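Visitor: Please find one structure pasted underneath; my questions will follow.
The values are calculated or read from the model by the stated rules, or taken from the named source; none is laboratory data. Predicted model, so just to flag it, every value in this text is computed and none were measured. Note that we place each Cβ from the backbone using ideal geometry, even for glycine, and neighbour counts take in every protein chain shown. Surface areas here come from the heavy atoms of the whole protein model, side chains and all, with no ligands, DNA or RNA. Shrake-Rupley method; radii C 1.70, N 1.55, O 1.52, S 1.80 Å.
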Amino acid sequence: MFDGGDLKLLVLQVLSHQPSHGYEVIKAIGEQVGGDYSPSPGTIYPLLTMLEDLGLAEAAATEGSRRQYALTEAGRAHLAEQAEALARIEARLAHTRDQARARRVPDIQRAMENLKTALRLRFDGDMSPDEATVRQIAEAIDRAAVEIGRL
């Protein structure tokens with residue numbers, strides 16, 4: 001989903017808003033993407049450690065073993081230097097969010113499920129449809145696809 005360095009910039013951006021635990025970083029990035037993706041803990045926690053090693057973030061222990069990460073001055077400077085790259089990432093994520101929202105429109109979800117159900121019901125019987133019926137069904141789906149593409 002991300003090119004090299006993209007996730008690092010997103011984590012720095014999240015930390016620039018407020019100090020955060022790893023879980024909060026995961027949640028914030030998931031929201032930026034639109035809910036269809038969230039980075040795994042196995043990706044975020046090593047990245048936070050790397051940012052700390054690079055001096056771009058610092059960690060403070062809170063609530064037991066949980067660590068809260070904050071951006072350092074070096075991290076703020078790095079984020080400012082990478083403003084153009086971050087803007088490109090944010091534009092791409094905005095497009096991804098729009099696509100995710102479109103897939104969740106209830107009327108479209110219902111119509112997609114109706115099509116899947118109609119196909120399952122049509123092909124669930126013991127008898128497989130003849131070649132002419134299969135061709136008619138495929139043509140109907142193709143017509144719908146072309147019409148949707150023109151909208």
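Visitor: Here is a check on your reading of the model: is His78 of a type outside the set (Val, Ile, Thr) and modelled with pLDDT of 90 or more?
Guide: Criteria met by His78.
Visitor: May I pose another question? Check every one of the helices (runs of 4 or more DSSP H) wholly within region 1-102 and list those with 2 or more residues that are aromatic (Phe, Trp, Tyr) and open to solvent by less than 40 Å² (accessible area, probe 1.4 Å).
Guide: Those helices (runs of 4 or more DSSP H) do not exist here; none qualify.
Visitor: Please count how many residues of region 103-114 are of a type in the set (Asp, Glu) and loosely packed, with under 10 Cβ neighbours inside 10 Å.
Guide: 1
Visitor: Inside region 115-151, can you point out the residues that are of a type in the set (A, V, I, L, M) and open to solvent by less than 100 Å² (accessible area, probe 1.4 Å)?
Guide: Leu115, Ala118, Leu119, Ala132, Val134, Ile137, Ala138, Ala140, Ile141, Ala144, Ala145, Val146
Visitor: Checking Leu54 against (1) modelled with pLDDT under 95; (2) out of contact with any Pro (no Cβ under 6 Å at 6 or more places or on another chain); (3) of a type in the set (A, V, I, L, M), only one condition comes out false. Which one?
Guide: Leu54 satisfies every listed condition except (1).
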